[in-house]
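**Student:** The following block contains the structure, expressed as structure tokens.
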Amino acid sequence: IRDRAQVVSIRKRVSENIGAFFYFTFEKEVLENAPQTIFSIAKIESSKIPYLQNEIIKKFPQVTVINGERTAKTVGDIIGQISSIVSFFTLFSLGAGILILLSSIISTNSQRTQEAVFYKLVGANKSFIKKVFMYEYLIIGIISSFIALFISSLATFLITKFFLEIKFIFLTQEVIIYLFFTIFIIVIIWYASSFNVFM
């Protein structure tokens with residue numbers, strides 16, 4: 001084995017991932033006879049892992065066995081905790097949004113009352129007035145839901161693509177449920193807070 005190596009080029013590498021930030025590249029013949037470390041991965045049932053570990057250690061004491069299942073569980077627990085934090089802030093933001101929506105509806109109740117009076121003066125009945133206001137808030141709910149969905153999906157895509165470097169998956173079924181839920185909440189809050197307008 002040669003005890004010296006000649007540096008032929010130096011390159012700059014920018015990375016934010018966890019791992020080794022430096023490395024050397026040699027031709028295969030240079031390190032062919034040097035001591036080497038070989039990695040191998042095997043997919044085995046959980047119940048058979050302890051037995052296999054013991055057998056490998058008995059027959060090959062120089063081999064180091066790493067249980068990837070424990071690592072995966074640890075990572076899964078960490079991701080679960082992060083998910084719980086994200087869920088908490090999501091619910092907190094949803095609650096804050098509902099309060100803001102409720103306050104904005106209450107603050108415009110006098111204007112709604114005047115509009116209802118104008119509609120009655122031109123011959124509109126309560127049913128027509130309810131439909132007009134309901135369609136108004138329904139359109140507001142649909143537009144705001146799609147804007148929120150677009151912003152959140154874009155932010156998730158950017159985080160998964162450039163920060164976590166994992167595949168972005170658009171959850172169609174969950175998105176549809178959230179859209180209908182948001183629109184339903186907006187309409188219910190509007191109706192509950194504007195009930196006195198139609199009296």
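**Student:** So which residues in the range 35-46 are farther than 11 Å from Glu69 by Cβ and open to solvent by less than 100 Å² (accessible area, probe 1.4 Å)?
**Tutor:** Of all residues in the range 35-46, those farther than 11 Å from Glu69 by Cβ come to 35-42.
Hit for the range 35-46 is Ala42, nothing else.
**Student:** Of all residues being of a type in the set (Gly, Ala, Ser) and open to solvent by 60 Å² or more (accessible area, probe 1.4 Å) in the range 84-118, which is nearest to the chain's Cα centre (by Cα)? Just the residue, please. Please lay out each step first, then the result.
**Tutor:** The initial filter retains those residues of the range 84-118 that are of a type in the set (Gly, Ala, Ser), namely 84, 87, 93, 95-97, 103-104, 107, 110, 116.
Narrowing the set further to residues that are open to solvent by 60 Å² or more (accessible area, probe 1.4 Å) leaves 84, 93, 103, 107, 110.
Details: Ser84: 11, Ser93: 15, Ser103: 29, Ser107: 34, Ser110: 40 Å.
The selected residue is Ser84.
**Student:** To continue, here is another question. Only one of (1) open to solvent by 100 Å² or more (accessible area, probe 1.4 Å); (2) acidic (Asp, Glu); (3) in a helix (DSSP H, G or I) fails for Glu174. Which number is that?
**Tutor:** Of (1) open to solvent by 100 Å² or more (accessible area, probe 1.4 Å); (2) acidic (Asp, Glu); (3) in a helix (DSSP H, G or I), only one is false for Glu174: (1).
**Student:** Something else: Pull up the range 64-83, narrow it to residues that are open to solvent by 80 Å² or more (accessible area, probe 1.4 Å) and hydrophobic (A, V, I, L, M, F, W, C), then point me to the one that is nearest to Gly141 (Cα to Cα).
**Tutor:** Only one residue fits best here, namely Ile82.
**Student:** Restricting to the range 22-81, what's the tally of residues that are among the aromatic types (Phe, Trp, Tyr), more than 40 Å from the chain's Cα centre (by Cα) and at pLDDT below 80? Let's see the steps before the verdict.
**Tutor:** First, pick out the residues of the range 22-81 that are among the aromatic types (Phe, Trp, Tyr): 22-24, 26, 39, 51, 60.
Adding the requirement that they be more than 40 Å from the chain's Cα centre (by Cα) leaves 26, 60.
Narrowing the set further to residues that are at pLDDT below 80 leaves 26.
Of the residues in that region, 1 qualify.
**Student:** Determine the pairs where a residue that is modelled with pLDDT under 80, located within the range 149-166, has a partner that is of a type outside the set (Val, Ile, Thr) and surrounded by fewer than 12 Cβ atoms within 10 Å (Cβ to Cβ) with Cβ atoms under 8 Å apart, the partner being 6 or more residues away or on another chain.
**Tutor:** Here the result reads Thr160/Lys167; Phe163/Glu16; Glu165/Asn17, each pair linking the range 149-166 to a residue that is of a type outside the set (Val, Ile, Thr) and surrounded by fewer than 12 Cβ atoms within 10 Å (Cβ to Cβ).
The values are calculated or read from the model by the stated rules, or taken from the named source; none is laboratory data. Model, not experiment: these values are computed from the prediction. Don't worry about glycine lacking a Cβ; one is built from the backbone with ideal geometry, like all the others, and counts go over all protein chains shown. Note: areas computed on protein heavy atoms with side chains; ligands, DNA, RNA excluded. Shrake-Rupley method; radii C 1.70, N 1.55, O 1.52, S 1.80 Å.
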